[in-house]
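These notes concern the structure reproduced below.
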Amino acid sequence: MTALQPEDRLWDLMRGALGTRALAIVADLGVAEALAGGPRPVEELAKELDAHADTLQRLLRALASEGIFAEQEPGVFRNTAASALLNDGWGAFAHLFGSAWLRAAGALEPSGEPSFPKAFGADFWSWLAENADERITFDRAMEQGNENRVDRLADLDWRGDETLVDVGGGNGSLLAGLLERHPGLRGIVFDLPETTRDEASFGDRCTFVAGNFFERVPKGDVYVLSTILHDWDDASAARILGTIRACAPPGARVRILDAVVPDGNGEHGAKWLDLLMLALFGGRERDEAEWRALLAAGGLEPLRIVDGLIEARCP
């Protein structure tokens, strides 16, 4: 593989916002879905999707240069394996990254403060509560990667009859997948009342409980926090863990699905996601030492810390 020249490395980063916005536009238009049946002329796509044909062609040409869509013949585009992903949770992510999150990233400053409130006049969670369509999109995006997270949880040791509390569990898709893999478990999805969900699909082994995890959490045997704590600064994340510690019975386990940032200069997506967490919430990704300090601040005993999984118990 040919190493990138220094100027190419800079160029790839500087043009990043254009790619982010281009993906959001085609995701919102539904281009990947429109191409699900095979290649189509851009003029035909533009007419169906109520888009400007020349602009759509230029967007697709640029994305195709990165392997997202492909121009099969002049003016005729088809899906690739990458663009087809926009038909599921990746399309929701593309919308968020290329709209509200892009605006917040554009306002990021070296102050240590989140930029989203400055850009939108409200913190992210309040803004999400006031924008129902964005909340639905956010919950759909959070489902992306659920299969891998379910696999990670399902492969852990389970007694078999525990009650799990999915803290900040969103629409319940993660917990539903885990309960399907372990028929003896029961579950509680705990989140804010405005969370979009289909409780009828939960079945009789899972319930939704509305509440604020800074105030209380339901009693359970195991607490799962899937990509929750990276949304918060250390003080707030410690408060969440402290709430669990105060409400949980002694010996309850806490299983956290979040990145553990490695040392060194190697590539790792969490190093960039860390900047998004800063822009949106003042949150952060954490390395092993930071996770140990956070668990201690929340009154929990660490059991295992590996990338993607932090396990602890309530003393």
Exercise. List the number of the failed condition for ALA82; all other conditions in (1) without any contact (Cβ under 8 Å) to a residue 40 or more places away in the chain; (2) touching a Gly at 6+ places or on another chain (Cβ under 8 Å); (3) over 27 Å from GLU134 (Cα atoms) hold.
Key: (3)
Quiz item: Taking GLY177 and the conditions (1) in contact with a strand residue (DSSP E or B) (Cβ under 8 Å, 6 or more places away or on another chain); (2) within 29 Å of PHE124 (Cα to Cα); (3) surrounded by 13 or more Cβ atoms within 10 Å (Cβ to Cβ), which numbered condition does it fall short on, given that it satisfies the others?
Solution: (1)
Exercise. With the checklist (1) buried (at least 18 other Cβ atoms within 10 Å of the Cβ); (2) more than 20 Å from ARG140 (Cα to Cα); (3) in contact with a helix residue (DSSP H, G or I) (Cβ under 7 Å, 6 or more places away or on another chain) in hand, flag the one item ALA297 doesn't pass.
Key: (1)
Quiz item: Restricting to helices (runs of 4 or more DSSP H) lying wholly in the stretch 86-201: which have 3 or more residues that are among the small types (Gly, Ala, Ser) and either touching a Lys or Arg at 6+ places or on another chain (Cβ under 8 Å) or within 30 Å of ALA36 (Cβ to Cβ) (or both)?
Solution: 89-97, 173-181
Practice problem: Would you confirm whether any residue within the stretch 24-43 is assigned to a helix (DSSP H, G or I) and farther than 25 Å from GLY89 by Cβ? | Solution: yes
Quiz item: For the stretch 214-315, which strands (runs of 3 or more DSSP E) that fit wholly inside it have 2 or more residues that are of a type outside the set (A, V, I, L, M) and either over 15 Å from the mean Cα position of the chain (by Cα) or not assigned by TED's automatic domain parsing to the domain that holds ASN171 (or both)?
Solution: 253-257, 301-306, 309-313
Practice problem: Please identify the pairs in which a residue from the stretch 188-202 that is touching a residue at least 40 places away in the same chain (Cβ under 8 Å) has its Cβ atom under 6 Å from the Cβ atom of a residue that is β-branched (Val, Ile, Thr) and not in a loop (DSSP other than H, G, I, E, B), counting only partners at least 6 apart or on another chain. | Solution: THR196/ILE136
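The values are calculated or read from the model by the stated rules, or taken from the named source; none is laboratory data. In this text the structure is predicted, and so the values were computed from the model without any measurement. Heads up, the Cβs are rebuilt from the backbone with ideal geometry, glycines too, and the neighbour counts pull from every protein chain shown.
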